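Heads up: the structure comes next, in structure tokens.
Just so it is clear, none of the values below were taken in a lab; they were calculated from the coordinates. Given the structure is predicted, the values throughout are model-derived calculations rather than measurements. Counting neighbours? That spans all protein chains shown, and the Cβs are built from the backbone with ideal geometry, glycine included.
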Amino acid sequence: MAGDGKTGTSTYAWAARELGLATGHWDEFLCPDSMGIAECTRREHAWTSFRRAIWALKPSELATFDYCGALKDLDAIADVPIPQLLPFLYAAHEDARVVLTVRKSEEWYPRRVQWKGGTDMAPFFWISGASISDTYAGRGSVGHNVQVMGIKAASWSYFAELALVVCLVPPDRLIITNVFSDHRTDADVVRRQMDAERWRRFAQLADVPLPRWADTRPFRGAPPECITRNVHASGDCVSFWLSYNEFWQAHDRSDRGQKVHPPLPTMLAAGATWLRYLAPLAAGATPGASSCAGRRRPLVLLAGQGATGTGTYAWAVQQLGLAVGHWDEFLCPDSMGIAECTRREHAWTSFRRAIWALKPSELATFDYCGALKDLDAVADVPIAQLLPFLYAAHEDARVVLTVQNSVEWYRQRAQEHHGVHAAPFYWMTERSLSQIYPIDTGGASLEQLERRAVQSPSVASVGWAASQYGLGAAWSYVTEMALTMCTVPPSRNLRQASRTRSRAAHDPAANLCHGLALAWPREHVPRQCHLQRVLAYWSSLTSLSCAFEPLSVNRPAARQPPRR
């Protein structure tokens, strides 16, 4: 049960026990009535032993812990620390069935902070370099995160956790439910029908027989908004399940009886529209309307991390007539005069200097509209890391997400410049960019940082993250991509727009123009051909499966068969 506490996990833990499953939920263990005392005690001991074992693990040990052996006597698990460890648990149990209880991000964090003084662990606590035991001393807890990064940024970390689950779990093994929605009814007949359907769907998911009492027993808790594909679900939920299922059926492969994971951006398109309402975005934003007053056109966010093709796409966007800020350089189109180019370059430099000095708690309230009003497109560090804050300010932005296999990306990025660059979600580590790059990067090369990083990498850099949490570093990169896909509507995502035009799959340059709402450049043919050749080559590289390599690393050769 991958939902965080205060989202209905106790309701589903109780329901699992009613269906005959021995269930661990936080510091309690629920045995079904049919289970003997001795067997219940043995399983409860297994749950207690598991919790004690992971409490002592360092972040670098989380990905290699023996979750199969530790959980072999348990049927279901819920609440802390299950959602925080979901990527590692799911990598060990790819046949797992998942219940994701959700809540609007900006509602969940304040409610969670009220529980036990905010001492419970925060989403992705391990990104801060903390162990579970550290979180109860402060670092990595929900209360501490709110103090350090503010409620808005902390809410984005919770939404990222939800996005990762939708990214990983196939729909036939997943229930998504919001017990706090407004889709409720006082009609007894309808309520009984909905409760009966919840029992049926949960039993089907857990692969257990449906009890005879399922048609009459209430399902504890408020009716969920979206639990299954049936007439009681809202229209959005029906669309979600249908599109999600159609995609997985199209990509199901029977070789060796295993399902092959498709590229991340394609898979998440189905669920992004439905999940997006949980994100901490501005309420009541008008679709298609300009988010920032005075902008000539929507901002283009090249949201991929460095070493994924951001340089190629920055150049391509420049060829299409846009002024682009890319790391420590600024690209002006040939048609732009020197004075105007200099003015815009100064705006890019000023933005980077301002961002460098911000504390994590200031990132969500910074004036991105004013700072970027003279720029057409932005790319590379720190755009990918700050995507949620940038997009919250520019909800009409067009987004290009360049991706790479997660394990390969982290290995390459950690070696590049000795891993000096900011890691995904660096702001969860209580560090500002100026602490990661302790020199004026606007006026100096990376050579000084490289020499320093050989001795001791800066906290929150890629090199530090790789040393602190090992394979978990790749999962943080996957989560960053999942967050982007679940935040940005498919119509404003370059990859999604490409499937709406028959020409696009064979014409990357035309696809880029269409996705960014630009006219095809009326220039001589050689430039068009060169642009198309470059983009076609890069598209062939980035069409690889980007997200799921961590699932196959460090896995035992022989998979344990399903227990049921």
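In plain terms, the residue of Leu162, Leu71, Leu85 with the fewest other Cβ atoms within 10 Å comes first and the most crowded comes last, giving Leu71, Leu85, Leu162. Electrostatic bookkeeping for Pro298 treats Lys and Arg as +1 and Asp and Glu as -1; over the other residues with beta carbon under 13 Å from its beta carbon, the sum is +3.
Ordering Ser49, Ser467 by the number of other Cβ atoms within 10 Å of each residue's own Cβ, fewest first, gives Ser49, Ser467. When both region 188-216 and region 1-68 are represented by their alpha-carbon centers, they are found 23 Å apart. Measure out, as a whole number of angstrom, how far apart the alpha-carbon centroids of region 379-418 and region 297-355 sit. Taking the Cα centre of region 297-355 as reference, the centre of region 379-418 is 15 Å away. Computed over region 1-160, relative contact order equals 26 percent, with contacts defined as Cα pairs under 8 Å that lie 6+ residues apart.
Taking amide H as placed 1.01 Å from N in the peptide plane, Ser141 has its amide H under 5 Å from the amide H of Ala122, each at least 5 places away in sequence or on another chain. Annotation: the residues Phe29, Phe125, Phe65, sorted from fewest to most other C-beta atoms within 10 Å of their own C-beta, follow the order Phe65, Phe29, Phe125.
Exceedance of the 22 Å cut-off in Cα-Cα distance is limited, within the set Lys72/Lys104; Lys6/Lys359; Lys72/Lys116; Lys6/Lys116; Lys104/Lys359, to Lys72/Lys104; Lys6/Lys359; Lys72/Lys116; Lys104/Lys359.
Per residue, the average separation of C-alpha pairs within less than 8 Å and at least 6 apart gives region 18-80 a relative contact order of 47 percent. Of the residues Ala16, Ala53, Gln84, the one whose Cα sits farthest towards the positive end of the charge dipole of region 1-133 is Gln84 (charges of +1 on Lys and Arg Cβ, -1 on Asp and Glu Cβ, taken about the Cα centre).
Using 1/(1 + (r/R0)^6) with R0 = 25 angstrom and r between the beta carbons of Cys40 and Lys72, what's the FRET efficiency to the nearest 0.05? For Cys40 and Lys72, the calculated efficiency is 0.95.
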